[in-house]
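The values are calculated or read from the model by the stated rules, or taken from the named source; none is laboratory data. Keep in mind it's a predicted model, so treat the numbers as computed, not measured. Don't worry about glycine lacking a Cβ; one is built from the backbone with ideal geometry, like all the others, and counts go over all protein chains shown.
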Amino acid sequence: MAYIKGNRNQMMLLPQVVEDFIAKDDPVRAYDAFVEALDYNALGLAIEERQPGANPYWPKTMLKLLIYGYAYGIRSSRKLERACYHNLAFIWLTEDVKPDHRTIARFRIAHKDILKKVLHQCARMCIELGLIEGNTLFVDGTKIKANASIQNTWSGERLQKHDSKISENIEHILAECEAIDNAETDKGSLVKLQKELADQKTLRAKIGEINKKLKESKRQKLNTTDAESFVFKADRGTKMYHNAQMTVDEKHGLIVSTDVINQSVDTSQLSIQSKEAQEVLDRKAENICADHGYYSLDDIERIDAEINIIVPSKEQLKKERTPERVKLFSKAVFKYDDKHDCYMCPERKKLQRTNDTIPDRPNAIIYQAHSYDCRHCKHFGACTTLVKGRRIVRQKNETLMRRLSELYDSDVGQRIYKLRKQKVELPFAHFKHHMNLRQLLLRGTGKVGIELNLCAIGYNLTRMIGLLGISGLKEAIMVT
């Protein structure tokens, strides 16, 4: 029995066509159909056959290359260039065009706003195909390692230490120069010392420039490699990160919008991210859900009151995770009386409103029980140890707090919140494990947003292929 062997020098009667390289049901054809179906007038991307200057690469080809590459975890411009030579799917997709890595990198940065619009068009296309409903939106964020070293992070204290060290070095060099001048010997050493002195002065100028930028940024720490990244302590140590935000739809977990912020906390982001997602969908959501990191009453007040906000407070999470640590006489067991503006304790004693204030909480209202009632109560010591009586602090937006608490504890709220992990955390896991987005390649929130948008587009197309099939998605795109 003979082996099946090939022959690289085999003559062919007819030359091969690039179209024959890829099967009719290959996923790359769905990515090609998606880019061809985009509304380029809405994107603001001019597709002109004739224009002055050197011949540029076809914008559709460059978009196909970037979206398909990111979908399969190929993010480096050099690796994308290499794929155009060695990967048949890329050769077919780009129609055997081979842009170099500089061209790919420049196109990616120059069209960052357009890539965001491509994601929005993808979301609207999903609405037309019935894959996105927009009734319930999930918002979440994750920290992605920045392309910057923690060693290049400067604080006011570190700058001061370096400046002091430089001053000591300059004084030491000047003293040596003076000693050499007095001795009038070893002039070569004097030249060397003068060079060292110039280096120290140059270093001091750089320190002064960094200090100026630090003050202008109004931040405690500044990284000179990526000024918009922030320091964050994670499982693998303290490093530089960017905070990636995402909003997904409930039906199939498809991504509606993304954003990048340069702060480690998610507070004040729920209103911003949900507003952007609703603008993309061109409709108002019924429910918006997020984890406790987004719990900010001031921020939630900015959202339309008709929308149900399902976000747990820290007290509710503590009650769920560590019920044994919940106090028997917490604020929840005290009932507020709207008519008389007072609280009633479990023993039916009143806590009246006082004129006391809390310096760092201007919106807080303090209610306090009578000292006699507390000192002669059987729960004194367990409820409070204050001789003046038990105190309750009420926020001015306490009504909103109660409404959020009741909504989260309701059956509808619990059902929606349980879906949060499988809907909004799945895309982030896909980004990091399948698209290699564990560390960013670009720097600055604007450029980091490019990578996030490309990953989101690739993820949505991957999900759409899984839901409709390759041929089904191609036909649906052609119809829309």
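For this structure, a couple of remarks:
- Among all positions in the stretch 457-478, there is no residue which is within 19 Å of residue 241 (Cβ to Cβ) and buried (at least 21 other Cβ atoms within 10 Å of the Cβ).
- Yes/no for residue 329 being farther than 15 Å from residue 400 by Cα and modelled with pLDDT of 85 or more: no
- Residue within the stretch 237-249 that is over 20 Å from residue 420 (Cβ atoms), in contact (Cβ under 8 Å) with a residue 12 or more places away in the chain, more than 16 Å from the chain's Cα centre (by Cα) and in a loop (DSSP other than H, G, I, E, B) present: no
- Any pair with Cβ under 8 angstrom, 6 or more apart, that starts in the stretch 212-223 at a residue that is at positive phi and ends at one that is surrounded by 13 or more Cβ atoms within 10 Å (Cβ to Cβ): none
- Within the stretch 466-480, residues that are farther than 13 Å from residue 252 by Cβ reach partners that are modelled with pLDDT under 90 with beta carbons closer than 7 Å, at six or more positions or on different chains, in the pairs 470/25; 471/25.
- Picking from residues in the stretch 61-82 that are part of a helix (DSSP H, G or I) and over 20 Å from residue 36 (Cβ atoms), the one that is nearest to the chain's Cα centre (by Cα) is 77.
- Scanning the stretch 128-143 for residues being crowded, with 20+ Cβ neighbours inside 10 Å and either within 18 Å of the chain's Cα centre (by Cα) or of a type in the set (Val, Ile, Thr) (or both) gives a total of 7.
- Screening 269, 273, 278 for residues that are within 23 Å of residue 112 (Cβ to Cβ), within 15 Å of the chain's Cα centre (by Cα) and surrounded by fewer than 24 Cβ atoms within 10 Å (Cβ to Cβ) leaves exactly one candidate, 269.
- Total residues in the stretch 120-158, condition charged (D, E, K, R) and either within 17 Å of residue 239 (Cβ to Cβ) or part of a strand (DSSP E or B) (or both): 4
- Pairs meeting the criteria (first residue in the stretch 385-410 and within 19 Å of residue 358 (Cβ to Cβ), second residue part of a helix (DSSP H, G or I) and among the hydroxyl-bearing types (Ser, Thr, Tyr), beta carbons under 8 Å, at least 6 apart or on different chains) are 388/371; 389/371.
- Verdict on residue 259 being part of a loop (DSSP other than H, G, I, E, B) and acidic (Asp, Glu): no
- Considering the stretch 404-480, the qualifying helices (runs of 4 or more DSSP H), each wholly inside and each with 1 or more residues that are over 21 Å from residue 34 (Cβ atoms), run over 411-420, 426-434, 445-468.
- Checking residue 224 against (1) buried (at least 17 other Cβ atoms within 10 Å of the Cβ); (2) modelled with pLDDT of 80 or more, the condition it does not meet: (1)
- Residue check for residue 291: in contact with a Pro (Cβ under 8 Å, 6 or more places away or on another chain), farther than 18 Å from residue 125 by Cβ, in contact (Cβ under 8 Å) with a residue 60 or more places away in the chain and of a type in the set (D, E, K, R): yes
- Among (1) modelled with pLDDT under 95; (2) in contact with a strand residue (DSSP E or B) (Cβ under 9 Å, 6 or more places away or on another chain) - the single one residue 85 does not satisfy: (2)
- Test: residue 316 is modelled with pLDDT of 95 or more, of a type in the set (S, T, N, Q) and buried (at least 17 other Cβ atoms within 10 Å of the Cβ): no
- Looking across the stretch 423-470, just one residue is within 15 Å of the chain's Cα centre (by Cα) and of a type in the set (Ser, Thr, Tyr), and that is 445.
- Test: residue in the stretch 374-394 that is of a type in the set (Val, Ile, Thr), assigned to a loop (DSSP other than H, G, I, E, B) and surrounded by 12 or more Cβ atoms within 10 Å (Cβ to Cβ): yes
- Residue match in the stretch 110-119 (condition: more than 27 Å from residue 283 (Cβ to Cβ) and in contact (Cβ under 8 Å) with a residue 24 or more places away in the chain): yes
- All strands (runs of 3 or more DSSP E) inside the stretch 318-359 with 1 or more residues being among the aliphatic types (A, V, I, L, M): 342-344, 350-353
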